[in-house]
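The values are calculated or read from the model by the stated rules, or taken from the named source; none is laboratory data. What you see is a predicted model; the values in this text were computed from it and never measured. Cβ coordinates were reconstructed from backbone atoms using ideal geometry, including for glycine residues, and neighbour counts include every protein chain displayed. Just so you know, the surface numbers come from the protein's heavy atoms only, side chains and all, with ligands and any DNA or RNA stripped out. Shrake-Rupley method; radii C 1.70, N 1.55, O 1.52, S 1.80 Å.
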Amino acid sequence: MEEIKYVDRRNTNCNKWDGQSKMFGEEGLHAMWVADMDFQVPGCVMDALRAYVDQGVYGYYKIPDSYYQSFIDWEEKRHHFHVEKEWIRFSPGVVAGFHWLVQMLTRPGDAVIVQTPVYYPFLNAVKNNNRTLICSDLVNHQGRYTIDYEDFEKKIADNKVKLFILCSPHNPAGRVWEREELEKLIEICKTHGVYIISDEIHQDLVFDGSRHIPSLGIGEYQDHMITLAAPSKTFNLAAGQNSLVLIPDEKLRRVWDEYTTANRVISGNAFGYIAAQAAYEGGEEWLEQVLAKIWDNYQYVKRELAQKLPKAVVTPLEGTYLCWIDLGAYVSAEKIQEVMQKKCRLAVDYGEWFGGERFGTHIRMNLATSGENVEKGVNALVSNLI
């Protein structure tokens, strides 16, 4: 059985550990923010990349059919969903993908809806492209989040929303949406003719009996739906800059192809393709070990905070490796940055980033790291918030 290996990434030009100044104004914080792992990638990925490096020529790369087949097989096995090869397009990242799709499917001033709190590049994609941001807050039931369908539909109708960016599984709320929840969301969008971009980058990171349901497999609305996926979160391959855009509808594929051809970004680098294919073909055992480690880290956080900071609300982790914690019983939104950085010496994602001040007492902690790092982070919270 392949064992996962923790890597100390300090002084390796790692953004999470060595690039904190931009977001936090200082370096040297204990890093529990950026959503990548501190684990070495599967051995099969290193072997494939090493073989490519050793042959010593890095010219133009022909994407093999086996790359596409590796992803198609992975989706069939892990998610019981069939992907056709002709659906698959390239993006250098999921974030780039939904930025481009906002430009393709809407015009300046058009309304785009998201479900907050949500991964903050969703918000940036709307604002960066001069679209109108509409937020439908998820309903918080003692830390577990559900959908306010009435609010969602009313805001779509009132604002003539053109596009919905869905986060599935949801970051940072940790939800793995159930089929019935997705069916209701898609039906509302269908009623109002709203395009759906489904960010499913965390699809393989699910826990405790939860099952990811691919959005494209629900209903008869594929002519208005596009899914974004990637090996980057699953196998820690963000540096490969290789993401998959799934477009079943021929007309939408033409829209995508015309846009990307005009910008001449239609394929990626060889290293990204080789790493992705190797991971999808041989990385499943490694992934199971990683999932077990993340779940152990989550259980530790939940147990320690329940005992020592009992009023902290830890959101149940159904999916992603990101722990969403409300510390409002111990620190105000106005003081949280000072407490986290100056007292705890932690780099965490602040709740306000995910949709505004109403989430200001929350933090998001990355659990895809060593148990020692998680323990250090939790101890810092406990010793400075009691």
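Scaled to the globular estimate 2.2 N^0.38 Å, the Cα spread of region 281-351, given as radius of gyration, is 1.34.
About its Cα centre, the dipole of region 50-192 is roughly 480 debye, where the only charges are +1 on Lys and Arg Cβ and -1 on Asp and Glu Cβ. Share of carbon and sulfur in the accessible area of region 65-202 stands at 45%, probe radius 1.4 Å. A viscosity of 1.306 mPa s and a temperature of 10 °C, combined with the Kirkwood radius over C-alpha pairs in the Stokes-Einstein formula, give region 114-241 a diffusion coefficient of 104 µm²/s.
Both the radius of gyration and Dmax for region 171-211 are 11.9, 35 Å, in that order, over alpha-carbon atoms.
May I ask you to rank Val301, Val206 by accessible area, largest first, using a 1.4 Å probe over the protein chains only?
On the way: Val301 0, Val206 35 Å².
From most accessible down to least: Val206, Val301.
Among His224, His141, His170, the largest mean-square fluctuation in a Gaussian network model of the chain (Cα springs under 10 Å) belongs to His141. Sites listed here are GluC sites (Glu not before Pro) in region 247-349 whose DSSP assignment is loop and whose Cβ has at most 15 other Cβ atoms within 10 Å: Glu334. Taking a straight line from the alpha carbon of Lys85, these lysines sit under 21 Å away, with near neighbours fewer than eight places off in the same chain left out: Lys62, Lys77, Lys251.
Among Asp38, Asp326, the order of accessible area from largest down is Asp326, Asp38, computed with a 1.4 Å probe on protein heavy atoms.
From the alpha carbon gyration tensor of region 192-344, can you work out the equivalent ellipsoid semi-axes (sqrt of 5 times each eigenvalue) and give them in Å, largest to smallest? Numbers along the way, then the final one.
Details: eigenvalues 256, 83, 62 Å².
So the equivalent ellipsoid measures 36, 20, 18 Å along its semi-axes.
Mind ranking Arg175, Arg345 by accessible surface for me, highest first, 1.4 Å probe? Don't skip to the answer; put the middle values down first.
Details: Arg175 5, Arg345 85 Å².
Most to least solvent-accessible, the answer reads Arg345, Arg175.
By DSSP, the beta bridges lying fully in the chain are antiparallel in about 50 percent of cases. Think of region 277-386 as having a plus end and a minus end, set by charges on the Cβ of Lys, Arg, Asp and Glu; of Val314, Ala279, Ala368, Val314 sits farthest toward the positive end of this dipole. Divide the volume of the convex hull around the Cα atoms of region 346-386 by the residue count and you get 67 Å³ per residue. What's the center-to-center distance, using Cα atoms, between region 32-82 and region 184-199 in Å? Taking the Cα centre of each part, region 32-82 and region 184-199 sit 31 Å apart. Could you work out the percent of alpha carbon pairs in region 40-181 separated by over 26 Å, rounded to a whole number? So the portion of pairs separated by more than 26 Å is 45 percent. Comparing Tyr61, Tyr149, Tyr280 in a Gaussian network model of the chain, where Cα atoms under 10 Å apart are tied by springs, the biggest mean-square fluctuation is seen for Tyr61. Dividing the alpha-carbon radius of gyration of the chain by the rule-of-thumb value 2.2 N^0.38 Å gives 0.97. Computed with a 1.4 Å probe over protein heavy atoms only, the accessible surface of region 106-228 comes to 38 Å² per residue. Computed with a 1.4 Å probe over protein heavy atoms only, the accessible area of Cys44 comes to about 40 Å². Every helix of 4 or more DSSP H residues in the chain counts as -39500 (n - 2.57), and over all residues that averages to -12000 deg cm²/dmol at 222 nm. Taking all protein chains as they are arranged and a probe of 1.4 Å, the heavy atoms of Arg78 leave approximately 60 Å² accessible to solvent.
Comparing mean-square fluctuations of Gly328, Gly360, Gly209 from a GNM of the chain with C-alpha springs under 10 Å, the top value falls on Gly209. Take the Cβ atoms of Arg303 and His192, set R0 to 45 Å, and the FRET efficiency comes out at 0.55.
Surface composition of region 312-386: carbon plus sulfur atoms contribute 46% of the solvent-accessible area (1.4 Å probe, protein chains only, all chains present).
Using a simple charge model, +1 on the beta-carbon of Lys and Arg, -1 on the beta-carbon of Asp and Glu, nothing else, what dipole does the chain show about its Cα centre, in debye to the nearest 20? Could the numbers behind the result be given before it?
Working: 41 positive and 53 negative charges, 226 e Å.
With Lys and Arg at +1 and Asp and Glu at -1, about 1080 debye.
Rounding to the nearest 20 debye, state how big the charge dipole of region 169-303 is about its Cα centre with +1 on each Lys and Arg Cβ and -1 on each Asp and Glu Cβ. Present the calculation step by step, with values, prior to reporting the outcome.
Values: 13 positive and 20 negative charges, 85 e Å.
Charge dipole, region 169-303, about its Cα centre: 400 debye, nearest 20.
When both bridge partners sit in region 73-187, DSSP labels roughly 25% of those beta bridges antiparallel. For region 98-179, a/c is not less than 1.5, where a ≥ b ≥ c are the root eigenvalues of the C-alpha gyration tensor, and a/b tops b/c. That puts it in the prolate class. If both residues of a DSSP beta bridge must be in region 151-264, then about 25% of such bridges are antiparallel.
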